[in-house]
1. Here are the criteria: (1) in contact with a helix residue (DSSP H, G or I) (Cβ under 8 Å, 6 or more places away or on another chain); (2) assigned to a helix (DSSP H, G or I). Tell me which single one Phe29 does not satisfy.
2. Taking segment 30-66 as the search range and keeping residues that are of a type in the set (Phe, Trp, Tyr) and under 29 Å from Arg20 (Cβ atoms), which one is surrounded by the most Cβ atoms within 10 Å (Cβ to Cβ)?
3. Is there a residue in segment 6-15 that is exposed (fewer than 11 other Cβ atoms within 10 Å of the Cβ), touching a strand residue (DSSP E or B) at 6+ places or on another chain (Cβ under 9 Å) and not acidic (Asp, Glu)?
Amino acid sequence: MLTPFLGKVGFEKVSELQARVANEIKTTFASQYTQEVSLEKALTLESLMVYAKQATGEKYLINPSL
């Protein structure tokens, strides 16, 4: 849906939207995570059961470098 929209609004509007995202990256577009987990831990059965709940307001950041 985004690509056709961006094609319709034109270059000037796309530039405005990009600037807005850049300016608000730490406020409006910021993400909060419940927990940061390693890739290994993310693939355990226990973790998969937690994700399966799909609870509102609970996001997990999978960080392969942990």
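What follows is calculated from the coordinates using simple rules that are stated; it is not laboratory data. Predicted model only: the values in this text are computed from it and were never measured. Ideal geometry is used to build each Cβ from the backbone, glycine not excepted, and the neighbour counts take in all protein chains shown.
1. Failing condition for Phe29: (2).
2. Narrowing segment 30-66 to residues of a type in the set (Phe, Trp, Tyr): 33, 51, 60.
Cutting the leftovers down to under 29 Å from Arg20 (Cβ atoms) gives us 33, 60.
Values: Tyr33: 12, Tyr60: 15.
Per the criteria, the residue is Tyr60.
3. First, the residues of segment 6-15 that are exposed (fewer than 11 other Cβ atoms within 10 Å of the Cβ): 7-8, 10-12, 15.
Filter again for touching a strand residue (DSSP E or B) at 6+ places or on another chain (Cβ under 9 Å), leaving none.
No, segment 6-15 has no match at all.
Residue-by-condition table, conditions (1) in contact (Cβ under 8 Å) with a residue 12 or more places away in the chain; (2) in contact with a Leu (Cβ under 6 Å, 6 or more places away or on another chain):
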residue	(1), (2)
Val14	no, yes
Gln18	no, no
Ala30	no, no
Tyr33	yes, yes
Ser38	yes, yes
Leu66	yes, no
